[in-house]
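Student: Let me begin by handing over the structure; questions about it come next.
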Amino acid sequence: MPEHQNIEYKASWHDDYLKWIVGYANAQGGIIYIGKDNDGKVTGIDDYKRLMDELPNKIRDLLGMITEVNLHEEKGLYYIEIITPPYTVPISLRGRYYYRSGSTKQELTGNSLNEFLLKKTGKTWDDIIEANATINDIDEKSVAQYLKTAERSGRLPDTEGLSLTDLLEKLRLTENGKIKRAAIILFGKDPGRFYPNILVKMGRFGSNDFDLKFQETEEGNIIQLLREVPNQLNRKFFIKPVSFEGLLRIEKGEYPVAALREMLLNALVHRSYMGSMVQIRIYDNRFSIWNEGILLEGLTIASLRRQHPSRQRNPIIAEVCFKGGYIDSWGSGTLKIIDSCHEAGLPEPEIKEQDGGMQITLFKDVHMADILGNYSLNERQKEALLFWEKEGEITSGKYKEKFNVTDRTVLRDLNELVDLGLLIKIGEKKTTKYIFIK
């Protein structure tokens, strides 16, 4: 039997393998065989008597746990079987924590370690009481906006006549009258006072990651960010503003609003709030959102492209957003992103784990993406092609008005596009039009 997630073969014992035992105990349990090769064939060990005496005591004394250590014999060759059950409490080796993920052993550090330790106590980050917070730290305007949205969804039980304190208790955002972290993230007046990086950073890039044109930052609670980030994108980053209220509105040359909305929701609801800020990058031919926090155990990139169980890093936050009508509780967010791109005739979005987090990237239509990527165009020309592609034509008058440039610049820009074979010039003087070539 070959090695897999719960079985490891070792030709001989080394104390470093205690890390594997810790990894199994902190995950789903597993078995280590000492005296077998990588294919599971018995090779035998000569010091089996000593190991049978030492291993149970070493595991108990160094790890504070009990494993089942068995001696087996096959055709005169002896091997040892160490069976490790999963433990409900965290297990460490000399203060270091390990975890078995797939077929590899990982040392848990930083955010991953914090999430692991919380999980072992039956808690999640958003379910912890924020000792320094009071009801005065809750923004009632954000709560009112949430209730207005929730009324349309019909998922929130009757809240009429409830005080702010009673409402937070009903949403499980308090415990014995004390404010949970989730309440600050969702409705806090100033979440940044309690936690760093409670913000969304947006950057407009040129041809590569080093060509930053300009950037903006929005800070606030989730309800505020869901309002202000789209507003900022419309003001400075999108060629054509879109309405984020709609479920699916297709803008030619831009991106379906359903995908944009779902990407922002995913990033805010499922991010690790112990890590870096949410980051949005806008290029000529793509749009991406990155948030701290890799996939939770049991999920893969492949599973995000089909129906899959809903697993939440922040279940309290996710439940409140579900009741408010912001998200679906059945793990369909990534499917909405993919389906809306298909309906808009755009390439399939890219979903990947990167730099300790999740990144989703949308691409503009293939034809326009090729043009923007393969031709040496100035920023006006690129924006003009995207802006007027749906209309199928450009006039010199509209070009001049949009970019506030001279007649000479207009003619130079448009004639260059004609020379490149991207536009066809028809008509003379005032009747001149520049038609898109498909």
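The values are calculated or read from the model by the stated rules, or taken from the named source; none is laboratory data. Predicted model only: the values in this text are computed from it and were never measured. FYI the Cβ positions are ideal-geometry reconstructions off the backbone, even for glycines, and counts take in every protein chain you see.
Student: Within the stretch 391-438, can you find the residues that are among the polar types (S, T, N, Q) and within 40 Å of the chain's Cα centre (by Cα)?
Tutor: Of everything in the stretch 391-438, just one residue is among the polar types (S, T, N, Q) and within 40 Å of the chain's Cα centre (by Cα), namely Asn404.
Student: Just a yes or no: is a residue in the stretch 31-47 in a strand (DSSP E or B) and surrounded by fewer than 18 Cβ atoms within 10 Å (Cβ to Cβ)?
Tutor: Going residue by residue through the stretch 31-47, those that are in a strand (DSSP E or B) are 31-34, 36, 42.
Now narrow it down to the ones that are surrounded by fewer than 18 Cβ atoms within 10 Å (Cβ to Cβ): 31.
So far as the stretch 31-47 goes, yes, one or more of its residues are in a strand (DSSP E or B) and surrounded by fewer than 18 Cβ atoms within 10 Å (Cβ to Cβ).
Student: Only residues that are in contact (Cβ under 8 Å) with a residue 24 or more places away in the chain and assigned to a strand (DSSP E or B): list them for the stretch 73-95, please.
Tutor: Passing the criteria: Glu74, Leu77, Tyr78, Tyr79, Ile80, Glu81, Ile82, Ile83, Thr84, Ser92, Leu93.
Student: To continue, here is another question. Yes or no: Leu93 over 26 Å from Ser276 (Cα atoms) and in the same structural domain as Leu186 (by TED's automatic domain parsing)?
Tutor: So Leu93 does not fit the description; no.
Student: It is to be established whether one or more residues within the stretch 1-24 are under 33 Å from the mean Cα position of the chain (by Cα), touching a residue at least 12 places away in the same chain (Cβ under 8 Å), in a strand (DSSP E or B) and surrounded by fewer than 14 Cβ atoms within 10 Å (Cβ to Cβ).
Tutor: Yes, that holds for at least one residue.
Student: Which of (1) surrounded by fewer than 14 Cβ atoms within 10 Å (Cβ to Cβ); (2) over 30 Å from Gly298 (Cβ atoms) does Leu55 not meet, given it meets every other one?
Tutor: That leaves (1) as the condition not met.
Student: While we're looking at this one, here's another question. Considering the stretch 311-347 alone, what residues qualify as being farther than 22 Å from Gln224 by Cα, among the hydrophobic types (A, V, I, L, M, F, W, C) and out of contact with any Asp or Glu (no Cβ under 7 Å at 6 or more places or on another chain)?
Tutor: Trp330, Leu335, Ala344 - these are the residues of the stretch 311-347 that are farther than 22 Å from Gln224 by Cα, among the hydrophobic types (A, V, I, L, M, F, W, C) and out of contact with any Asp or Glu (no Cβ under 7 Å at 6 or more places or on another chain).
Student: Just to be sure before I move on: is Ile66 among the aliphatic types (A, V, I, L, M) and either exposed (fewer than 14 other Cβ atoms within 10 Å of the Cβ) or assigned to a strand (DSSP E or B) (or both) in the structure I sent?
Tutor: It is true that Ile66 is among the aliphatic types (A, V, I, L, M) and either exposed (fewer than 14 other Cβ atoms within 10 Å of the Cβ) or assigned to a strand (DSSP E or B) (or both).
Student: Filter the stretch 35-72 down to the residues that are touching a residue at least 40 places away in the same chain (Cβ under 8 Å) and touching a helix residue (DSSP H, G or I) at 6+ places or on another chain (Cβ under 7 Å) and list them by number.
Tutor: Ile59, Leu62, Leu63, Met65, Thr67
Student: Suppose we filter Tyr78, Tyr99 for residues that are buried (at least 19 other Cβ atoms within 10 Å of the Cβ) and under 17 Å from Asp16 (Cα atoms); which single one remains?
Tutor: Tyr99
Student: Could you count how many residues in the stretch 260-300 are under 11 Å from the mean Cα position of the chain (by Cα), among the charged types (D, E, K, R) and either at pLDDT below 90 or in the same structural domain as Tyr99 (by TED's automatic domain parsing) (or both)?
Tutor: 0
Student: Same structure, new question: How many residues, within the stretch 283-316, are surrounded by 15 or more Cβ atoms within 10 Å (Cβ to Cβ), under 24 Å from Arg100 (Cβ atoms) and of a type in the set (A, V, I, L, M, F, W, C)?
Tutor: 4
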